[in-house]
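Visitor: Structure incoming, see below.
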Amino acid sequence: MVLNPSSSEVYDLAIVGAGPAGAMAAYAAAKRGLKVILLDAKEFPRDKVCGDAIPYETYKLLQRLEPEWEKELLLHSSNQLIRRARIHTPNGKNITVQWSLKAVNSARYDFDHWLLQKVLQSNLIETNFNFRLKEIEKEGNGWLLSSSSDQIKSKWLVGAGGAHCPVARQLSNKRTDRTHHCGALRAYFENIAGLNPIVNEVYVLKEFVPGYLWIFPLPNGCANVGFGMLSSEIVKREIDLKQAFEKALASKELKSRFQNATRKSKVMGFDLPLGSKTPIISGEGYYLAGDAASLIDPLDGHGIGAAMWSGYEAVQRIADVLLDGKSESRAAREYYKELDGRFYKKFRLHRKMLYFSSLSFLLNAISIPYLMRIAGFNTVSDTE
Ligand SMILES: Cc1cc2nc3c(=O)[nH]c(=O)nc-3n(C[C@H](O)[C@H](O)[C@H](O)COP(=O)(O)OP(=O)(O)OC[C@H]3O[C@@H](n4cnc5c(N)ncnc54)[C@H](O)[C@@H]3O)c2cc1C
């Protein structure tokens, strides 16, 4: 392909993907004074298939870096702080899980746009939001990135392009491993009977163990309702996820709740690369962050917080090399150590817990509180 680069400029860093991982990578680059360009195939605000539960790592990171942003995030949803989750077990019991940190649910259409606007406030970040990366070539000591109509040159690259990130696919040859991968879908509903606006709900239905259905309340009586399962099980049992979702909604446990509910969106599915197996997360001249680095917790499917941390941390390593002369191999080792200590180790443990839950006879009012306590939650059995 022969294209004229949009400018002769060579950036210190190009970030592919402006979701939570890419946004925080851009934030870190601006703070460290790197000449950075943030690329995305889409204009924001854009939709992202998700459960919309903003996990606690998000608040922890924002508390550390930008306490005012954290306050703003919580303030906007102050009438809907989520402090509990209710798990409906296959044997018909309810278990309530509690946590002490404040948390909110926020539609990703809004949350990602909000985060991006905060990050772009610095005016130090160039953007190109019509840039769908197609080809990555080595050029000298840097990279030549091509979309169908544009080219960009940069010394370093952060792949934050989500589950199908082209940087992960092309540079670290990332492929889907179904035993460490989940398929999931979601739709928005209104008028769900018995919806409690401050409680997330999870239904573990006998027929679909080790998958589950979630109902996560959003403002104005709306809820994100979704269903996910380990991909190896989907294939083994030849499950059509959309049909399974409809079947779950019509099950005896959920039927009455959805009888008068209105579906406000199409059912949309997407992939969750799970962090129970660590992929290659960096290489010569590039780092991966977020879903591109499979940073999703196999137990609860959360990935937003880990995406933000990893985007931020990846750029610290790049800046250490570029500005402080740290060796690339040392920086890469530090990145791995940071992510392993904070996330992958926990994700491997959670994968083992998920294995227990696949033994459905174990998944009951006794085993779930035990598993949840290992995961760090307070549990209260048989409430409400
Ligand atoms: C059904 C479902 C439910 C989930 N529920 C939750 C939940 O409740 N809570 C939670 O914490 N996590 C949840 N997750 C996981 C969460 O969505 C991800 O972990 C999170 O979005 C990762 O952020 P990211 O920035 O790595 O990627 P993304 O948010 O996917 O952003 C990637 C960006 O890269 C861009 N991009 C992709 N390809 C290209 C290209 N070729 N060129 C340029 N740009 C490109 C995309 O347009 C996108 O904007 C869920 C996931 C799924 C699928």
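The values are calculated or read from the model by the stated rules, or taken from the named source; none is laboratory data. Since the model is a prediction, treat every value here as computed from it, not as a measurement. Quick reminder, even Gly has a Cβ in these numbers, built from the backbone with ideal geometry, and neighbours come from all protein chains shown.
Visitor: When you scan region 90-107, do you find a residue that is part of a helix (DSSP H, G or I), within 11 Å of the ligand (Cβ to nearest atom) and under 18 Å from residue 57 (Cα atoms), even just one?
Guide: The answer is no; no qualifying residue exists.
Visitor: Also, quick follow-up: Looking at (1) at negative phi; (2) buried (at least 19 other Cβ atoms within 10 Å of the Cβ), find the lone condition where residue 130 falls short.
Guide: Of everything listed in (1) at negative phi; (2) buried (at least 19 other Cβ atoms within 10 Å of the Cβ), residue 130 misses just condition (2).
Visitor: Follow-up. Considering only region 217-225, I want to know if a residue exists there that is crowded, with 20+ Cβ neighbours inside 10 Å, within 14 Å of the ligand (Cβ to nearest atom) and under 23 Å from residue 315 (Cβ atoms).
Guide: No, there is no match, as no residue in region 217-225 is crowded, with 20+ Cβ neighbours inside 10 Å, within 14 Å of the ligand (Cβ to nearest atom) and under 23 Å from residue 315 (Cβ atoms).
Visitor: Checking the condition closer than 30 Å to residue 252 by Cβ and either surrounded by 15 or more Cβ atoms within 10 Å (Cβ to Cβ) or modelled with pLDDT of 95 or more (or both), which residue from 54, 82, 37 passes?
Guide: 82 is the lone residue from the list that is closer than 30 Å to residue 252 by Cβ and either surrounded by 15 or more Cβ atoms within 10 Å (Cβ to Cβ) or modelled with pLDDT of 95 or more (or both).
Visitor: If I go through region 240-282 residue by residue, how many of them are within 15 Å of the ligand (Cβ to nearest atom) and among the β-branched types (Val, Ile, Thr)?
Guide: 2
Visitor: Just one of the numbered conditions (1) in contact with a strand residue (DSSP E or B) (Cβ under 9 Å, 6 or more places away or on another chain); (2) within 26 Å of residue 315 (Cα to Cα); (3) in contact (Cβ under 8 Å) with a residue 24 or more places away in the chain; (4) surrounded by fewer than 16 Cβ atoms within 10 Å (Cβ to Cβ) is not true of residue 137; which one?
Guide: The number of the failed condition is (3).
Visitor: Among what's in region 248-268 and is within 26 Å of residue 303 (Cβ to Cβ) and surrounded by fewer than 17 Cβ atoms within 10 Å (Cβ to Cβ), pick the residue that is nearest to the chain's Cα centre (by Cα).
Guide: Out of the qualifying residues, it is 268.
Visitor: With closer than 30 Å to residue 138 by Cβ, touching a residue at least 60 places away in the same chain (Cβ under 8 Å) and surrounded by 21 or more Cβ atoms within 10 Å (Cβ to Cβ) as the only criterion, which of 285, 311 stands out?
Guide: Answer to the check: 311.
Visitor: Still on this structure, please answer the following. Considering 223, 307, 261, which residue is closer than 29 Å to residue 197 by Cα, modelled with pLDDT of 95 or more and out of contact with any strand residue (DSSP E or B) (no Cβ under 8 Å at 6 or more places or on another chain)?
Guide: Only one candidate qualifies: 307.
Visitor: Looking only at residues that are over 30 Å from residue 105 (Cα atoms) and of a type in the set (D, E, K, R) in region 301-336, which one is nearest to the ligand (Cβ to nearest atom)?
Guide: Going through the qualifying residues, I end up with 317.
Visitor: Now, a different point. Determine whether residue 18 is under 18 Å from residue 287 (Cα atoms), more than 18 Å from the chain's Cα centre (by Cα) and either outside any strand (DSSP E or B) or of a type in the set (Phe, Trp, Tyr) (or both).
Guide: When the stated conditions are applied, residue 18 does not pass them.
Rundown of residues vs (1) modelled with pLDDT under 90; (2) touching a Cys at 6+ places or on another chain (Cβ under 8 Å); (3) assigned to a loop (DSSP other than H, G, I, E, B), yes/no style:
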{"residue": "322", "(1), (2), (3)": "no, no, no"}
{"residue": "347", "(1), (2), (3)": "no, no, no"}
{"residue": "361", "(1), (2), (3)": "yes, no, no"}
{"residue": "364", "(1), (2), (3)": "yes, no, yes"}
{"residue": "372", "(1), (2), (3)": "yes, no, no"}
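Visitor: Moving on to the next point. Looking at this structure, is residue 290 buried (at least 24 other Cβ atoms within 10 Å of the Cβ), within 13 Å of the ligand (Cβ to nearest atom), modelled with pLDDT of 95 or more and of a type outside the set (Lys, Arg)?
Guide: yes
Visitor: When residue 158 is evaluated against the numbered criteria (1) crowded, with 20+ Cβ neighbours inside 10 Å; (2) farther than 25 Å from residue 8 by Cβ, which criterion, by number, is the only one it fails?
Guide: Just one mismatch for residue 158, condition (2).
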